[in-house]
Number of protein chains: 2
Amino acid sequence: MLTTEQILDAAEDVLRRFGPRKTTVVDVARALGVSHGTVYRHFDTKAALHEAITTRWFERVTSPLATIAQKPSSPSERLREWFETLMAIKQHKADDDPELFASYLLLAKNTSQKIVLAHVEIMIQQVEQILSDGCADGSFEIDNCPATARSLFFATFRFHHPLHANEWGDAHLKEDFDHLFTLLERAIQKGIAYPAD
Amino acid sequence: MLTTEQILDAAEDVLRRFGPRKTTVVDVARALGVSHGTVYRHFDTKAALHEAITTRWFERVTSPLATIAQKPSSPSERLREWFETLMAIKQHKADDDPELFASYLLLAKNTSQKIVLAHVEIMIQQVEQILSDGCADGSFEIDNCPATARSLFFATFRFHHPLHANEWGDAHLKEDFDHLFTLLERAIQKGIAYPAD
């Protein structure tokens with residue numbers, strides 16, 4: 001019996017070689033040497049197949065990040081590790097398998113925005129979790145954790161948003177990230193005395 | 001006598017209607033009803049013409065921002081006004097004249113990266129100027145003004161970088177910017193007492 005995972009593995013291979021437009025149920029069945037019907041039982045349209053490929057790709061990003069968000073380490077350590085891991089995953093994928101990365105970007109662009117937004121929402125909630133833990137243990141001082149999680153996620157776009165992939169080869173990238181992240185840490189760390197005005 | 005400005009105005013009109021690939025010296029001469037030679041005296045290649053169009057476009061962004069960077073208002077006020085104006089210029093252009101905006105993006109993508117980077121550098125230096133003024137008058141407390149200017153510029157990419165233009169219709173955009181900017185202000189404002197560790 002063919003599993004959904006096996007079909008998605010084959011689909012990924014077709015995607016890498018031929019791009020999203022040429023990744024159909026029929027192409028994937030051909031790559032697996034099975035009848036179309038066998039694949040149709042799992043995915044009844046090209047759109048459903050593409051959605052499943054995209055969802056699995058997103059889960060490969062969010063799953064290791066979820067592990068970090070729940071670690072017993074200090075919230076400050078966890079926050080930095082979370083963002084460094086997000087960058088590493090994205091930059092590694094872009095660097096290591098550029099054809100697949102380009103295909104995934106095209107797929108995501110044509111995927112329902114609901115799925116993309118839900119993916120972003122999961123990541124922001126993980127950041128929010130770390131921020132809340134930091135407020136609870138006194139490391140952070142934050143008025144609005146959900147809004148601050150969004151702000152941190154947006155503020156670091158240059159370093160993890162696939163639209164900026166062509167800047168990831170910049171010699172100053174790590175230095176730029178470190179400086180920005182330290183600045184953001186200053187804004188949320190406990191111990192800040194506000195100016196009188 | 002045809003001025004460079006008049007040629008560039010005509011070129012912009014050709015660009016808006018036909019895109020960069022179809023904006024050549026010959027096309028612009030035709031739009032102006034003059035001989036090719038007349039335009040060639042100003043721009044001897046399509047690349048030179050495109051570079052001049054891009055440079056003028058960039059100057060229309062940096063020139064009003066330079067005025068703000070040198071205003072006599074307080075550095076905190078100026079910093080916010082500078083970023084709000086940058087966003088307004090970019091978002092206005094994208095919204096108001098989407099064909100021209102799309103053409104400009106294509107042009108910038110194919111322009112020498114040296115010109116693009118110089119444009120970014122000018123903007124970052126304007127921010128640095130405001131930050132230095134704020135350190136001098138005691139509003140800000142910043143270790144490294146050049147690095148902090150870069151960080152502020154990168155941190156706000158979502159709100160002014162043309163790659164994110166398709167997010168500028170988001171209903172929460174202004175709210176998101178305000179939250180992020182307030183966070184960044186906290187990180188540079190004077191009066192911060194660091195935690196003991």
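The values are calculated or read from the model by the stated rules, or taken from the named source; none is laboratory data. From a predicted model like this one, the values you see are computed outputs, not experimental measurements. Methodologically, a virtual Cβ is constructed for each residue, glycine included, from the backbone with ideal geometry; neighbour enumeration extends over all protein chains shown. Keep in mind that these areas ignore ligands, DNA and RNA; they rest on the heavy atoms of the full protein, side chains included. Shrake-Rupley method; radii C 1.70, N 1.55, O 1.52, S 1.80 Å.
Before moving on, here are some points about what is shown:
- Inter-copy label distances for B:N166: 1.6 nm (label point placed 7 Å from Cα along Cα→Cβ; shortest first).
- Amide H contacts of B:F140 (H built 1.01 Å from N, under 5 Å, at least 5 apart or other chain): B:C135, B:K190
- Between this copy and the others, label points of A:L2 are 6.2 nm apart in ascending order, each placed 7 angstrom from Cα in the Cβ direction.
- Segment A:36-124: relative contact order as a whole-number percent, Cα under 8 Å and 6+ apart: 36 percent
- Of all accessible heavy-atom area on segment B:120-197, the percent that carbon and sulfur account for (1.4 Å): 52 percent
- Contact order, relative form, for segment B:72-195: 30 percent (alpha carbon pairs under 8 Å, 6 or more residues apart, mean separation divided by residue count).
- In segment A:1-44, the portion of solvent-accessible area held by carbon and sulfur atoms comes to 50 percent [1.4 Å probe, whole percent, DNA, RNA and ligands not counted].
- Only protein heavy atoms count here, probed at 1.4 Å, and on that basis chains B and A bury about 2700 Å² of accessible area in total.
- In nanometres and ascending order, the distances from the B:T85 label point to those of the other copies are 4.3 (point 7 Å from Cα along Cα→Cβ).
- Solvent-accessible area of A:E175, all protein chains in place: 120 Å² (probe radius 1.4 Å, heavy atoms, ligands and nucleic acids excluded).
- In the context of the full set of protein chains, residues of segment A:38-151 present 49 Å² of accessible surface per residue (probe radius 1.4 Å, heavy atoms only).
- Helices that extend 24 Å or more along their long axis by alpha-carbon positions and average at least 0.5 on the Kyte-Doolittle scale are, among the DSSP H runs of chain A, A:113-136.
- Whole-Å semi-axes of the ellipsoid equivalent to segment B:1-44 (Cα gyration tensor, √5λ, descending): 16, 10, 9
- Partners of A:K93 within straight-line reach, counting aspartates and glutamates whose Cα lies under 20 Å from its Cα and excluding those fewer than 8 residues away in the same chain: A:E5, A:D9, A:E12, A:D13, A:E51, A:E59, A:E81, A:E84, A:E167, A:D170.
- For q = 0.11, 0.13 Å⁻¹, Debye-computed log10 I/I(0) when each Cα of chain A counts as one equal scatterer: -0.60, -0.77
- Of all lysines in the structure, those lying under 18 Å Cα to Cα from B:K22, and not within fewer than 8 positions of it along the same chain, are B:K46, B:K109.
- Taking packing as the residue-averaged number of other Cβ atoms within 10 angstrom, the listed peptides B:70-78, B:180-188 run from highest to lowest as B:180-188, B:70-78.
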